[in-house]
Amino acid sequence: MGLSIAAPAMPAHRDDRELRLLADPELLRDIAFAVGGPFHMMYPERVGDNIDGFHAAFEQASVDGVVYYGKKANKASCVTRACAEHGAGVDVSSVGELGSALTQGIRGEELMVTGPAKSPELLWLAARHHALIAVDAPDELDALVRAGLPARVLLRVLPPDSSSRFGMSEAELDAALRRTDLGPITVQGFSFHLSGYDPVARAELAGTLIERCRAARALGHDAGIISIGGGFAVDYLSAQSWQDFRAASDPRQFHADKRFDSYYPYHSDSPGPAMLAAILRHGNLAQRLREHEIRLAVEPGRALLDRAGSTVFRVQGVKTRTAHGDSYQLLTVDGTSLSLSEQWFDSEYLPDPALWPTRPGVDTPASVGAATCLESDMLSWRRIPLPRAAVVDDLLVYPNTAGYQMDSNESAFHELPIPPKVVLHNTSDGRFRWTLDAR
Ligand SMILES: Cc1ncc(COP(=O)(O)O)c(C=O)c1O
């Protein structure tokens with residue numbers, strides 16, 4: 001059998017709210033008409049469910065735990081509001097993020113302030129609001145000392161054998177703990193953030209930080225918090241689809257025979273809260289945290305947004321092209337890949353978009369380009385096996401885009417409007433209603 005120029009299907013796991021939205025005969029068309037361009041749908045109730053899942057993992061392990069949402073992953077106000085309503089704090093890295101978290105009801109002491117070389121304004125505001133500040137470098141601690149304000153700090157640790165640009169070396173940590181000029185600053189513990197999704201590496205580094213907390217206590221510090229950062233995996237696709245893609249992916253299934261060297265790991269057997277549970281189990285971490293009365297903080301961004309949003313584009317043009325002897329559709333949508341960020345990391349977002357509305361038809365491979373002048377501005381180089389041929393005015397609904405895909409790179413390139421976020425609300429009469437996000 002010859003190679004099909006269509007890539008294998010990669011159906012996404014979808015939240016019920018999204019399934020109901022896709023099944024509704026009118027709602028998506030009404031919203032598209034009202035907005036008049038691409039838009040992001042947000043399901044903040046799902047964020048609440050995800051937060052509850054992390055809290056349940058802490059509870060099941062009898063660990064004193066706290067969740068800080070990594071706000072960089074999505075700017076929507078409705079997400080931050082869901083955090084306030086479900087007892088999560090927020091991890092912020094700029095004055096803008098700090099201000100919008102407060103506006104959505106996060107209290108100052110529920111903020112974790114991360115990021116390197118924070119601006120004097122951010123440090124001042126963080127101290128004023130009694131936020132927990134993850135100090136990244138000795139000179140940042142100097143700046144806090146100079147500010148003379150009471151401040152609650154964690155010392156961010158440079159993981160062993162890491163070339164990360166973040167965190168402090170052993171010697172810098174030791175020197176910080178021995179400072180005698182800290183005045184009203186209290187060192188309350190340690191933090192780190194690891195790339196990758198390995199629960200064991202996180203559990204083991206957290207274990208060494210328990211010992212660091214004990215040593216810091218011996219020096220007179222009230223050290224009782226360890227933050228293990230974010231990087232909780234998300235399960236976008238079934239194990240089978242992910243395995244099939246990796247086994248059979250071929251550049252001939254991509255427009256212009258495009259090749260990508262790496263992809264996000266789109267399947268996880270232990271996503272989000274299950275990964276937290278695995279971390280807490282490893283090396284009896286939960287028990288050791290309890291024994292030493294240490295609170296564990298987590299800073300999930302992507303995992304709190306799992307299945308909490310989708311991105312909708314209108315098909316604006318349809319071309320038929322031929323590759324390797326077979327024809328396919330080259331669609332142009334009314335937005336850009338700035339609203340589906342993975343392309344900007346030299347990779348591609350793989351979960352299949354839904355072609356809406358559902359109609360009978362013949363399977364048709366399609367690649368998806370943006371409404372810009374850039375040859376490289378493609379949303380999907382991969383030929384998605386759409387269930388029918390697309391026509392102008394159809395909608396393409398990319399699933400599970402709330403975590404980093406939507407707005408980390410958006411700009412008004414070509415003076416195209418930045419897609420608004422539309423918030424879906426369940427109402428007591430069983431109908432959906434929608435509003436524009438407050439920001
Ligand atoms: C310090 C810190 N915390 C939390 C996060 C959130 O990570 P994720 O969205 O992968 O959970 C990041 C991401 O870069 C980070 O740098």
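The values are calculated or read from the model by the stated rules, or taken from the named source; none is laboratory data. What you see is a predicted model; the values in this text were computed from it and never measured. When we count neighbours, we look across all protein chains shown, and the Cβ atoms used for this are built from the backbone with ideal geometry, even at glycine. Note: accessible area is taken over every heavy atom of the protein model, side chains too, but ligands, DNA and RNA are not part of it. Shrake-Rupley method; radii C 1.70, N 1.55, O 1.52, S 1.80 Å.
If we count every other residue with Cβ under 13 angstrom of LEU355's Cβ, Lys/Arg +1 and Asp/Glu -1, where does the sum land?
So the surrounding residues net to -1.
Would you mind getting the accessible area per residue of the chain, heavy atoms of the protein chains only, 1.4 Å probe, in Å²?
Accessible surface, normalised per residue, equals 43 Å².
Could you give me the radius of gyration and the Dmax of segment 247-357, taking only the C-alpha atoms into account and expressing both in angstrom?
20.8, 67
Need one number for segment 192-276: average projected area of the convex hull over its C-alpha atoms, nm².
7.3 nm²
If you build a Gaussian network model of the chain, linking Cα atoms that sit under 10 Å apart, which residue out of SER164, SER339, SER100 swings the most?
In this elastic network of the chain, the residue with the biggest mean-square fluctuation among SER164, SER339, SER100 is SER164.
Hey, got the dipole for segment 142-209? About the Cα centre, +1 on K and R Cβ, -1 on D and E Cβ, debye to the nearest 20?
Computed about the Cα centre, the dipole is about 300 debye.
Over the chain, what relative contact order in percent results from Cα pairs under 8 Å that are six or more residues apart?
Across the chain, relative contact order equals 22 percent.
Can you give the direction-averaged projected area of the convex hull of the alpha-carbon atoms in segment 123-236, in nm²?
In nm², the orientation-averaged hull projection of segment 123-236 is 7.8.
If exposed GluC sites (Glu not before Pro) are those in a DSSP loop with at most 11 other Cβ within 10 Å, what is the longest stretch of the chain that has none?
27-292
Averaging over every viewing direction, what projected area does the convex hull of the Cα atoms of segment 179-337 cover, in nm²?
So the mean shadow area of the Cα hull is 14.3 nm².
Toward the positive end of the charge dipole of segment 153-246, about the Cα centre and with charges on Cβ (Lys, Arg +1; Asp, Glu -1), which of VAL187, PHE166, LEU237 goes farthest?
The listed residue farthest towards the positive side: VAL187.
Highest mean first, what order results for 227-238, 6-17 on Cβ atoms within 10 Å?
Answer by packing, highest mean first, reads 227-238, 6-17.
Of all trypsin sites (Lys or Arg not before Pro) in segment 91-128, which ones are in loop regions per DSSP and have a Cβ with at most 11 other Cβ atoms within 10 Å?
none
Can you compute the modelled spin-label distance between ASP429 and ARG20, with each label point 7 Å from Cα toward Cβ, in nm?
So the two model labels end up 1.4 nm from each other.
Rounded to the nearest percent, how much of the accessible area of the chain (1.4 Å probe, protein heavy atoms only) is carbon and sulfur?
Ligands and nucleic acids excluded, carbon and sulfur give 51 percent.
Provide the percentage of antiparallel DSSP beta bridges, counting only those with both residues in the chain; round to the nearest 5.
Roughly 45 percent of the DSSP beta bridges within the chain come out antiparallel.
List the residues whose amide H sits under 5 Å from the amide H of ASP91, counting only those 5 or more places along or on another chain, with H placed 1.01 Å from N in the peptide plane.
Long-range HN contacts for ASP91: TYR69, GLY70, LYS71, MET112.
Highest GNM mean-square fluctuation, the chain, Cα pairs closer than 10 Å: which of ALA201, ALA137, ALA390?
The residue with the greatest mean-square fluctuation here is ALA201.
Let me know the charge dipole size of segment 168-244 about its Cα centre in debye, to the nearest 20, where only the beta-carbon of Lys, Arg (+1) and Asp, Glu (-1) is charged.
With Lys and Arg at +1 and Asp and Glu at -1, about 340 debye.
Among all helices in the chain defined by DSSP H, which have a length of 20 Å or more along the axis from Cα atoms plus a Kyte-Doolittle mean of at least -0.5?
What comes out of the filter, once short or polar helices are dropped, is 199-218.
Just for the Cα atoms in the chain, what are the lengths along the principal axes, largest first, rounded to whole Å?
Over the chain, Cα extents along the principal axes are 73, 46, 41 Å.
Looking at segment 135-242, which trypsin sites (Lys or Arg not before Pro) are in a loop (DSSP not H, G, I, E or B) and have at most 15 other Cβ atoms within 10 Å?
ARG165, ARG178, ARG179
In a GNM of the chain with a 10 Å cut-off on Cα contacts, which of PRO357, PRO25, PRO419 has the highest mean-square fluctuation?
Result: PRO25 has the largest fluctuation of those listed.
Out of segment 253-339, which trypsin sites (Lys or Arg not before Pro) are coil in DSSP terms and have no more than 12 other C-beta atoms within 10 Å?
Filter output for segment 253-339: ARG259.
Ratio of segment 309-361's C-alpha Rg to 2.2 N^0.38 Å, to two decimals?
Taking the Cα Rg and dividing by 2.2 N^0.38 Å, one obtains 1.32.
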